[in-house]
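Novice: One structure follows; several queries about it will come next.
FYI, it's all coordinate maths here, none of it is from the lab. If you're wondering where the values come from, they're calculated on a predicted model, not measured in any experiment.
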Ligand code: HEC
Ligand code: HEC
């Protein structure tokens, strides 16, 4: 009798564990399924943004909240029909700095307050957060810089600093900014990219890539990827590695770095296609005082090396990044 009871007990335990075993098995299997390669960065503890509900109920807190509002709804305040002024192209900071700058690998603001002021090669100067914010306004928002000391600029700085308040000085936490995709051996292809665009992007951004406005007509439901209302040629996204890295871990909207939809190749190719389409052209004469500091994918010469503008724009980038290794390798 005792034996029978004991056997039944063991069976019960085994049966009750079956669902867990099955679950573990299927989770392991899913990882093996072919699809977009998941080259996850070798860290597991990603940056954790602070909760916006915890912004203090103080005058400083009010400034932070106004900054958050400006990031999320820039166009309502500074767009072509803005309440405060009309100095930007109608995009919101949040169109690119997802979840108001709080999404892991969604071009977040985690390392701004911890790493600014910072020496930046583009200007060859030590840049403050003010300068960096106005850089995005002049390039990504194709607009006019906000005045030093204006309530809007102060609010943006207050919010961006608050987002990174728990990050130690000098540290860029895991998940910061934009994911650096592995380079391809070949050049990125606008022709292949058009196929990716038609399949994965046109649905929202429009077959003409020029976006769709929302009900109030002031903000974008789906922001433009090219055309007069898009970022200009001096913007970060005009560099292929920035665009491809951003898209890989965020687009189609809803993708994340640990659940991407595009393969790396598709991300590079769609970047090549989008950045071949027309957009506002703006030259910043003071950029790159030392041309040897230009990033490998800066698409405008002159360069300190002998690679063409086209190779700096589309790749292959490996020979540019590491010319010696390429000479030696067969
Ligand atoms: C069209 C896309 C786009 C828009 C719109 C945009 N940005 Fe950016 N922003 C970028 C890109 C790309 C970078 C560079 C990221 C990188 O190289 O890792 C950047 C970088 C920044 C940085 C520096 C981040 C760092 O860690 O160094 C700040 C600060 C910033 N943006 C603020 C803003 C603000 C404020 C607005 C709105 C007024 C704005 N941006 C609008 C694309 C955009
Ligand atoms: C399901 C709809 C949807 C699809 C599909 C989609 N996007 Fe987006 N995309 C968005 C939305 C919405 C935003 C703005 C996010 C926000 O404001 O929170 C955005 C923002 C962007 C941005 C930054 C803002 C800008 O306009 O420059 C880029 C770049 C981008 N998408 C590229 C792509 C590419 C490339 C694809 C195809 C691989 C794609 N998206 C597919 C909805 C989509």
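Novice: Jot down the radius of gyration and Dmax of the range 154-278, Cα atoms only, both in angstrom.
Specialist: For the range 154-278, the Cα-based Rg and Dmax read 16.0, 45 Å.
Novice: How big is the convex hull of the Cα atoms of the range 52-163, per residue, in Å³?
Specialist: 102 Å³
Novice: Any idea what the relative contact order of the range 52-163 is, in percent, if you count C-alpha pairs under 8 Å spaced at least 6 apart?
Specialist: 28 percent
Novice: Okay, next question. Expressed as a whole number of Å, what is the distance separating the alpha-carbon centroids of the range 265-330 and the range 172-198?
Specialist: Each part's Cα centre sits 14 Å from the other's.
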